[in-house]
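Read through the structure below, which is laid out as structure tokens, and then see the notes.
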Amino acid sequence: GTGAVHLYHIGEHTIIRCDSEFADKLSDAVDDIYAHKGHQSAIHGIHLNEVFTDESLHLDHIEKLHYLNPEHFKPFSTTDYPVQYLSATDQAAVEILKSACTVYEYEDSWVSAEDECATGAFDGEKLIACASMYQWMGFADPGVLIHPDYRGKGLGKATISALCEWALKHGRLIDYRCTTDNMASAKLAESLGFQQYYHLEAYQYTSD
């Protein structure tokens, strides 16, 4: 009922996930695309829009998703600002950290000391980095937020690494999501051993 159409690109394959009311129309569109382009072509939103007449797909976002194989995990720590586990009592410090960042940064990070697991680094009593994870579609899904004055010091990598150690110890499956234009975030994930599994095109279906 949301009007969402998601295209998951996994290797040479594309999986389309959509509201059931759009299934027949999208199935016909895919058949149309393959009739003209052949089955070896990847399907993107632009191709679907080419075969629609009275409807269109508007791009919402594009993201990458990584998974962590425990055997590939590369732990990381920093001695400049040691990382510690947070509790709900640290949420006030998280809110102060958020206030130092842009609205886009903290809304995109989804960090909270009240999540299932949260880690942070302090400069004295000042929280300068926070990472946390919550359950998303059966996976432990992390986010991270760094104070603007302390970026480039490995704090994001260190706080995420501590989350991964906790998640692996507790038998969690871990993913890592970021938008495709956030190269620094993708690089952070890959440096810890995450491997990209798919990239997602998320569209909103509307009728003109």
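The values are calculated or read from the model by the stated rules, or taken from the named source; none is laboratory data. Keep in mind that what you see is a predicted model, and the values were worked out from it rather than measured. Here the Cβ positions follow ideal geometry from the backbone for every residue, glycine too, while neighbour counts run over all protein chains shown. Surface accessibility is based on the protein's heavy atoms, side chains included, excluding ligands, DNA and RNA. Shrake-Rupley method; radii C 1.70, N 1.55, O 1.52, S 1.80 Å.
Values for this structure:
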item: Qualifying aspartates and glutamates (Cα of each under 15 Å from Cα of Lys98; at least 8 residues distant if same chain); result: Asp90, Glu107, Asp108, Glu114, Asp149
item: Shape category assigned to the range 80-145 from the gyration tensor of Cα positions, a/c cut at 1.5; result: oblate
item: Theoretical FRET efficiency, 1/(1+(r/R0)^6), r = Cβ-Cβ of Asn49 and Thr179, R0 25 Å, to 0.05; result: 0.75
item: Neighbourhood charge, 9 Å Cβ-Cβ cut-off, centred on Ser132 and excluding it, Lys, Arg +1 and Asp, Glu -1; result: -3
item: Computed lengthening from Leu168 to Thr102, 0.36 nm per intervening residue step minus Cα-Cα distance; result: 20.6 nm
item: Per-residue SASA entry for Arg151, accessible area with 1.4 Å probe, Å² rounded to 10; result: 100
item: Calculated P(r) of the range 1-156 - Cα pairs past 20 Å, %; result: 62
item: Accessible area of the range 111-162 divided out per residue, in Å², using a probe of 1.4 angstrom; result: 36
item: Carbon/sulfur fraction of accessible area - the chain, other protein chains in place, 1.4 Å, %; result: 50
item: Within a Gaussian network of the chain (alpha carbon springs, distance under 10 Å), most fluctuating of Val30, Val144, Val94; result: Val30
item: Anchor Lys187: lysines whose Cα lies under 17 Å away (excluding residues fewer than 8 positions away in-chain); result: Lys64, Lys74, Lys153, Lys157
item: Heavy atoms of Leu168 accessible to a 1.4 Å probe, total area in Å² rounded to 10; result: 50
item: Most mobile listed residue (Trp136, Trp166, Trp110) in the chain, GNM with C-alpha springs under 10 Å; result: Trp136
item: Local electrostatic count, Ala158, Cβ distance below 13 Å [Lys/Arg +1, Asp/Glu -1]; result: +2
item: Lys98, Lys126, reordered so the largest accessible area comes first (probe 1.4 Å); result: Lys126, Lys98
item: Residues with amide H under 5 Å from that of Asp123, placed H, sequence gap 5 or more; result: Ile128
item: Interchain or long-range residues, amide H under 5 Å from Tyr134's placed H; result: Asp141
item: Separation between Cα centres of the range 3-34 and the range 65-105, rounded to whole Å; result: 36
